[in-house]
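Working notes for the structure below.
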Amino acid sequence: MDEKFAFALRKIALLGGIDNYVAVSSRELGDALGMSQQSASKRILELLDAKYLVRDLGARRQRIKITDAAVEELRKEYNEYRRIFELTDQVTLHGKVATGMGEGGYYITQKPYMDQFFAKLRFRPFEGTLNVRVVKEDLGKLEIVKSMPGVIIDGFEKDGRTFGKVTAYKARIKNIDCAIVVPERSHYEDILEIVCKYHLKRTLSINDGDEVDVIADLSPLSAEDDVS
């Protein structure tokens, strides 16, 4: 995103324009941006054209709101700043063990996946995944993890069905090495799917609803790394 757009969107967000429409004149926005009323009016038009703003002209004063696309761009910028100022090479994600849908075991046990896990991660996962629902406060950290490079477990076709690509990230729960897996077509925004050579619930004596901390490694995970 162009920095001039990012700067304007940050100011509009601070005025409350992420969750609701905010009434703001071009003069008021110009004051916030340190520019003239004419330049602020032009900036609003540019943001509208870029689909970063929507505008309501029904009231006596114009009301503007940041679009979902712009929020996503701001979130990326926020995560980059967090990596600069707050984070080291590890991130601790707090959550609770969640009940899975039973699909993880089916997918993980597919031979092309198992062969790649062994070749690239040096272990064969237990037949299933541990699901951890990340607390709301740590969802930004989860986005950072997902933005990092990981080991790619390639997708494949079998019996006329397509199995998508999976990205793996080295992780640890207590003293147990494991890996976070993010399917290409994942429907979860707050769930960590974790694989390990052990049955994690039995090994760690944890059950659904128990609190757990997952330490994710932000350093690149190469095929030579051994997380077994």
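Here, each number is a calculation from the coordinates, and none is a lab measurement. Predicted model, so just to flag it, every value in this text is computed and none were measured. Cβ sites come from the backbone with ideal geometry, for glycine too, and all protein chains shown count toward neighbours.
Descriptive notes on the structure:
- Sorting 191-197, 124-130 by their mean Cβ neighbour count within 10 Å, with the most densely packed peptide first, gives 191-197, 124-130.
- Per-residue [θ]222 nm for the chain (sum of -39500 (n - 2.57) over DSSP H runs n ≥ 4, rounded to 500): -10500 deg cm²/dmol
- Distance between the 7 Å Cα→Cβ label points at LEU139 and ARG202: 3.5 nm.
- Taking the average, over residues, of other Cβ atoms within 10 Å as the packing measure, peptides 152-164, 62-74 rank 62-74, 152-164 from highest down.
- For ALA98, the residues 5 or more places off, or on other chains, whose built amide H falls under 5 Å of its own are ASN131, VAL132, ARG133, GLY209.
- Out-of-range pairs (alpha-carbon distance over 26 Å; input LYS96/LYS174; LYS51/LYS170; LYS4/LYS165; LYS51/LYS136; LYS96/LYS158; LYS65/LYS96): LYS51/LYS170; LYS4/LYS165; LYS51/LYS136; LYS96/LYS158; LYS65/LYS96
- 3J(HN,Hα) along the range 8-19: 5, 5, 4, 5, 5, 4, 5, 7, x, x, 7, 8 Hz, from the Karplus curve 6.51 cos²θ - 1.76 cosθ + 1.60 with θ = phi - 60°, whole Hz, x for Gly and Pro.
- Average 1/r across all pairs of distinct alpha carbons in the chain, invert it, and you get the Kirkwood radius: 20.1 Å.
- Sequence-distant contacts, meaning Cα pairs under 8 Å at least 6 residues apart, place the relative contact order of the chain at 20 percent.
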